[in-house]
Structure formats: structure tokens, C-alpha cells
Amino acid sequence: MIDFTLTTEQEELRRTVERFARETVAPVIGDLYERGEFPYDIVAAMGKMGLFGLPFPEEHGGMGGDYFALCLALEELARVDSSVAITLEAGVSLGAMPIHRFGSDEQKARWLPVLTSGERLAAFGLTEPGGGSDVPGGMRTTARLDGDMWVVNGSKSFITNSGTDITAFVTVTAFTGDGEISTIIVPNGTPGFTVGKKYSKVGWSASDTRELSFEDVRVPAENLVGERGRGYAQFLRILDEGRIAIAALSVGLAQGCVDECLRYVREREAFGREIGRYQAIQFKIADMETRAHTARLAYYAAAARLLAGEPFKKEAAIAKLVASNAAMDNARDATQVFGGYGFMNEYAVGRFYRDAKILEVGEGTSEVQRMLIARALGLPPA
Amino acid sequence: MNIVVLVKQVPDTESPRKLKSDDSTLDRAAADGVINELDEYAIEEALKIKEAHGGEVTVLTMGPAKATDSIRKALAMGADKAVHLVDDGLAGSDALQTSYAIQQALGRTGFDIVILGSESTDARTGVLAAMLSERLGVPQITLANKVEIDGSAIKAQRVTDYGYDRVEATLPAVVSVVEKINEPRYPSFKGIMAAKKKPVETLGLGDAGIDAAQVGLANAATEVVDFADAPARAQGQIVTDEGDGGAKIAEFLASKKFV
């Protein structure tokens, strides 16, 4: 039972993605990030490698892997860049996964092959301007059935992958009645569906994040995903799993900080010696490695429960909390090790610093994770 | 089409490589084994030929048991099956002996086309394709950066110091490739999982009909008599631009045959 050794195949996947990140992502991502450009070529290459199909069965073009395989890929990508990693994470766990888990046979047959191959992306429209953690309290978007068409009205915020040239649709959560939430597929380009311009973000600058508005948008009744009124349960499931994925991505960033520092401290000299010879630097790096390692164990443990079909809500929350803290702490320490260079955008650690903060916010803030952990321990709601 | 691709496992060029002091052979335990980089292009070309013309891609590897890692990776990229020539008697074989051993193994697999990288990153002799085709009595097309197959005809473009040669031959043939020929694919997870189930045949000297007296360190035609560590990298050459910087750079590149 206590064995965190990767299988030969998992290790081979990890190495393949590690090499891809080093050879294909690392040389170009700095420029894309600086210009805020979506990495279309990298997404296409990831599609060819089957990364968008990792946790899906082969019948719809998937790779026949599992959610842990996705996590391994996310960790390796994020060691080099988080914009690319979050594009994959959102594409798989927020874009394709709701269709795979809850969609009809027709929806799966229509959408999964193009999503699992990475030719198209889908987005998940949950968060709204008036509420992040406060779902459904802050949610205002509605969908009402008019004959055989849903009519959607409302707006969504911070929606990843929603406005790329290859975005196929957004799965929108909306009130379909009093206290009744459902999810509905709204294809990009549907009249009344406006994709706002890209946000100017502190980090994840090469990823696509937008505000969306829906004004009497009409889509066919069969665009309902799963059962009417099951939207709340659906997105809780999607977010619970997604936390393990974000934890993996955070571990990647935390490890990337260690990678960069190990390289740098052997080259950089100060006071006549390589800085890696100073204990002050060595201890910092030892702490960074400790955080990355601990956080990795946390997400492996959560993923193990998910794959075994056991409850994993608490473990996922712990993994997300620990890993996002590790990412933030390591990014701060790595930039400190790099000194002035760490403040320059051309160094990866500067990018890591900008990318780390959102990990303590997105897919459930650290406060929400603590709340979930407290609830799992039987402590009463406020 | 029966496509055989020769894959060699070599020490990772990113880790320190050294020879052993006792017998001057490569210290394979000192570094991680990876597929010889140019052989990845050979695998990709083999897969492309299969995709265009049908047939089967067989990976043929000579090397110690550890080389199965590289075989599995080649299978994950999409090759159909593998033959692993592994025997203590082969250790320390030079290029001449290797070409003999591969020839014998090819007698078991048969072939329409044998594809390999134009050299390995460890020994860098770059002679295997020529030796092998001579032994097999088939045409050799070396240093190819473009290959087209039409029925039993093979057309290729060879990279030379002065430009390109366009050559034609009839199959069966031996083709060595350079890195400009294609972009090797990364294995997909499905490929990685499928590789587990693909057949890998292990051959010893006797299975392949290899005469033990013609292979191995003791019988090698060449001998490493001495070796030394590579000198530390010398300081780069600094060219001061006095209005002719561009010309000087072009001159430098031409002297190194980059342009």
C-alpha cells in the first residue's frame, strides 16, 4: 500500500513530457509570455502527443490513461511554464471532462474526438463577476426553456480557454429554475454570446482568460449536459478533481524553481565563490526541495484515492493548499536567490514569481481549501 | 514493406561520459542510456515509410540488457516489434564486428530497407551503414535528408560538403539519415502503453548464427591504445566589428561548413 514508485509506463510518460517541455516549450515561451500570445503551436504539438486525451478512454480518441497520468504531465509542463500547463489543465479537466462524465452519447461522439486530440478547446463557465468562492450565492446567469431552445442570459468572469481561435464551446452553469442549477453547452459564435477581450493578467500571460456575456443566447434543448438540476453536483465533482490537477501544476512550478536555482548557483559567483557554496543559499534550496517533495506526496495521495474510487475531497483540498503554498514560497525564494536577475522577465524565475500567486486563488482559494478540510473534520459551517 | 530500423543505446550526451580504465571500453553504467539521437530520426523515417506504403517496422538493437529501455521507447513511438541482439560475447565489438553481427541478425528478420542514424553520439565512427551494405551486397544511401520510395525504387537526397547529391537505387537497400530529414515524434501515452504488449525477440550469438570468434573485444580489428579527457572548452573567438563583422561571421560559418 505504501508505494509511490511510478510504473515503467508512468515514468516514460513523465520523461517524455519533461523532454517536450525542455525542447519545445522552454525555447519559445518567454517571448509568447512577454507578448501575451496564446501558444497555438505548442497546443497543437501537445495534441499530437495525446496529452489532451490522457485521462479519457480510447473510444473517443483518448489515450486510455487516468487522471494521475494527466497530473504527471501537468507537473512536468509547469516545471517549465504554467501558461502552457493551465491551458492543458483547463482544456482537459474543465473543457472535456464535463462532457466525458456527464454528457449524452451524442455530445460525447460529437465533441470528445476534437477535444481529446487538442484540435479544439472547450471552457467551463462557472465564475461570475459577483461571486468567486460564493457559488451559487453570487451566480446570476439564467437559462430558460423556450420551446425546444434554451435562452441564456448573464455573464461569466475569468474563463480560461474561452476565446482562442480553436475554442469550440463554453459549458455554462446557469439557474434553470428556482434554486435549480444546470449546465448547458453554448458554442462560440452563437448570436448573443460575446467573448470579451483578454484580461491583462499579472501571470499566466500566455494563457487565454476572458469575460463572457450572454444576451438572449439561444441553443437547442439537447445542449443540456446531463440531467437538469444536477449542475451543482456536477461542478463540485469537476472542481474536486481539478484541485488535484492544480496541485500537480503547483508542484511543477515549485520544482521548476529548484531546477533553476540549482543551475544558477553553480554559475553565479559572489565574494569570490560560486554562491552555491554558501550555506544561506543551500538552506534556501533545501527548503524549496522539501516543499516541492511534500506537496508532491500530497497530490499523489489524493490522486491514489481518486483512482481507487474512494472519497478524496479532503485530500484534494490538502494537496491544493500545500502545493500552492509551496509554489508561492519557492517562487519568492528562487527570485531571492537570483537577486536582481530574478526581477527580470527574461529569467524563468521571474515568470514563476508572477505565475505563482494565482495558484492560491484559482479553483478554490486557500481559504476555501481550509474550509473544506475543517468540514471534513466535522467542524460546523459558520 | 519490411522495414528494419537499427537503434543503438548510447550514454546521454547531457551526462558526463567516460571510458573505463581497465579495457578502454565505454563506461555504460556511468550515464543514463538513451536512444542515439540520429536513430530517432531513423525511427521516424521508418514510421513515415510504413504510414505511406504499409508494412511493418522492426527495431533491431545490439547491446546489453539495459538497452531494452531504448527498444521500448522505439516501440512506443510506433514500431511494431523488436529484435534484441544481446550476448556477453558481443561486448567490446568494433564497427566491423558490429556490421557482421547485424548482418547475421538481419538474416533472421529479412528486410526491404534498413534505416539507421548516420552515426552514434558515442563512438561516432559513422561507418556502419557502409560496412553493412557491403556485407549484405545491397546499395547504400548514406547521409540522406530526404527519402522517397516508389515501388522498388528508392530516391534520396544526400547531404554533402558542397550541397546535395540526388541518388536512386533499387530496394533492398541500406539508408543512413541525418537530422534534417524529419522531426521525430514524441511517443503518446497510448503508444507507451501499447509498447508493453509488442513482441521483443531476444537473440544470443547462437540464435543469430554469429561466430563467437568474430566478435567481442578480444577479436576486434581496432583497438583503443590510449585515451584522454576532452580538453576544457577554450575561450571563444571574439570578432570586433570594424564594418566587416558580417563578412567575418560568414567567413567563420563557411570555414565550419555551416553555410
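Laboratory data are not the source of any read-out in this text; all were calculated from the coordinates shown. Bear in mind that the values here come from a model prediction, so they are computed numbers and not experimental data. For neighbour counting, all protein chains shown are included, and Cβ atoms are generated from backbone atoms with ideal geometry for every residue, glycine included.
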Checklist entry - Between B:ILE238 and A:ASP134, what is the label-to-label distance in nm when each label sits 7 Å out along the Cα-to-Cβ direction? => result 6.3 nm
Item to check | Cβ charges +1 (Lys, Arg) and -1 (Asp, Glu), total dipole of chain B, debye | outcome: 760 debye
Item to check | Relative frequency of Cα-Cα separations exceeding 16 Å in the stretch A:44-129, percent | outcome: 47 percent
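For chain A, calculate the relative contact order in percent as a whole number, restricting contacts to Cα pairs under 8 Å that are 6 or more residues apart.
Working: 733 pairs, mean separation 61.1, N = 382.
Relative contact order here is 16 percent.
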Item to check | Value of [θ]222 nm, deg cm²/dmol, for chain A, DSSP H segments ≥ 4, -39500 (n - 2.57) each, nearest 500 | outcome: -15500 deg cm²/dmol
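Taking the Cβ-Cβ separation of A:GLN279 and A:MET344 as r and a Förster radius of 30 Å, what is the calculated FRET efficiency to the nearest 0.05? Each step should come with its number before you reach the end.
Working: r = 26 Å, r/R0 = 0.87.
FRET efficiency, A:GLN279 to A:MET344: 0.70.
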Checklist entry - What is the Cα centroid distance between the stretch B:82-139 and the stretch A:1-80, reported in whole angstrom? => result 35 Å
Checklist outcome for this item: Taking R0 as 22 Å and r as the Cβ-Cβ distance between B:ASP165 and B:PHE252, the FRET efficiency 1/(1 + (r/R0)^6), rounded to the nearest 0.05, comes to 0.25
Checklist entry - When the Cα atoms of the stretch A:232-376 are enclosed in a convex hull and the volume is divided per residue, what value in Å³ results? => result 104 Å³
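Note down the net charge around A:PHE52, summing +1 for each Lys or Arg and -1 for each Asp or Glu among other residues with Cβ under 14 Å from its Cβ.
On the way: positive: A:LYS48, A:ARG120, B:LYS190; negative: A:GLU58, A:GLU89, A:GLU119.
Local net charge: 0.
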Item to check | Convex hull of Cα atoms in the protein assembly as shown, direction-averaged projection (nm²) | outcome: 35.6 nm²
Checklist outcome for this item: For the table B:LYS81/B:LYS196; B:LYS48/B:LYS196; A:LYS48/B:LYS48, the rows whose alpha-carbon distance is greater than 18 Å are B:LYS48/B:LYS196
Next on the checklist: Once you keep just the Cα pairs under 8 angstrom separated by 6 or more residues, what percentage relative contact order results for the stretch A:1-95?
Outcome noted: 28 percent
Checklist entry - Quick one: A:GLU310, A:GLU75, B:GLU40, fewest Cβ neighbours within 10 Å first, how do they rank? => result A:GLU310, B:GLU40, A:GLU75
Next on the checklist: Under a crude label model (7 Å from the Cα following the beta-carbon direction), how far is A:ASP148 from A:THR294 in nanometres?
Outcome noted: 5.9 nm
Checklist entry - Mind checking which aspartates and glutamates have their C-alpha under 14 Å from A:LYS314, skipping anything on the same chain fewer than 8 residues away? => result A:ASP240, A:GLU241, A:GLU367
Next on the checklist: Name the residue from B:SER21, A:ALA301, A:VAL151 whose Cα lies farthest towards the positive end of the charge dipole of the protein assembly as shown, charges +1 on Cβ of Lys and Arg and -1 on Cβ of Asp and Glu.
Outcome noted: A:VAL151
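Using the count of nearby Cβ atoms within 10 Å as a rough guide to exposure, how do A:TYR264, A:TYR341 rank from fewest to most?
Values: A:TYR264 22, A:TYR341 14.
Final ranking by Cβ density, sparse to dense: A:TYR341, A:TYR264.
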Item to check | Dimensions in Å of chain B - Rg and Dmax from alpha carbons | outcome: 19.8, 68
Checklist outcome for this item: Long-range alpha-carbon pairs in chain A, meaning those over 25 Å apart, account in percent for 54 percent
Checklist entry - In angstroms, what radius of gyration and Dmax does the stretch B:123-259 have, counting Cα atoms only? => result 22.1, 68
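Explain nothing, just the number: dipole magnitude of the stretch A:208-291 about its Cα centre with +1 on each Lys and Arg Cβ and -1 on each Asp and Glu Cβ, in debye rounded to the nearest 20.
Values: 13 positive and 15 negative charges, 74 e Å.
For this selection, approximately 360 debye.
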Checklist entry - Can you list the lysines whose alpha carbon is less than 25 Å from that of B:LYS20, not counting same-chain residues fewer than 8 positions off? => result B:LYS8, B:LYS66
Item to check | Projected label distance in nm at A:LYS48 and A:ASP31, using a 7 Å step from Cα toward the beta-carbon | outcome: 1.8 nm
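Rounded to the nearest 20 Debye, what is the dipole magnitude of the protein assembly as shown about its Cα centre when Lys and Arg each give +1 and Asp and Glu each give -1 at the C-beta? Mind dumping the intermediate values first?
Details: 69 positive and 90 negative charges, 274 e Å.
Magnitude of the dipole: close to 1320 debye.
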Item to check | Whole-angstrom Cα spans of the stretch A:18-63 along principal axes, big to small | outcome: 39, 21, 13
Next on the checklist: Through the Karplus equation 6.51 cos²θ - 1.76 cosθ + 1.60, θ set to phi - 60°, convert the phi angles of the stretch A:216-230 into ³J(HN,Hα) values in whole Hz; use x for Gly and Pro.
Outcome noted: 6, 7, 9, 10, x, 4, 6, 6, 4, 9, x, 7, 4, x, 9
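At a Förster distance of 60 Å, what's the computed FRET efficiency of A:ALA382 paired with B:ALA153, Cβ-Cβ distance as r, to 0.05?
Numbers: r = 79 Å, r/R0 = 1.32.
About 0.15, to the nearest 0.05.
As a footprinting exposure proxy, order A:TYR232, A:TYR300, A:TYR278 by other Cβ within 10 Å, with the fewest listed first.
Details: A:TYR232 17, A:TYR300 20, A:TYR278 14.
The most exposed by this proxy come first: A:TYR278, A:TYR232, A:TYR300.
Consider all pairwise Cα distances in the stretch A:124-229 and report the whole-number % of them above 17 Å. Can you show the working numbers first?
Values: 2732 of 5565 pairs.
Here the tail beyond 17 Å accounts for 49 percent of pairs.
Normalised radius of gyration for the stretch B:1-131, please: alpha carbon Rg relative to 2.2 N^0.38 Å, two decimal places.
Values: Rg = 14.3 Å, N = 131, 2.2 N^0.38 = 14.0 Å.
Compactness ratio reported: 1.02.
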Item to check | Estimated D of the stretch A:60-106 in µm² per second, where Rh is the Kirkwood radius over Cα pairs and Stokes-Einstein applies at 20 °C, 1.002 mPa s | outcome: 186 µm²/s
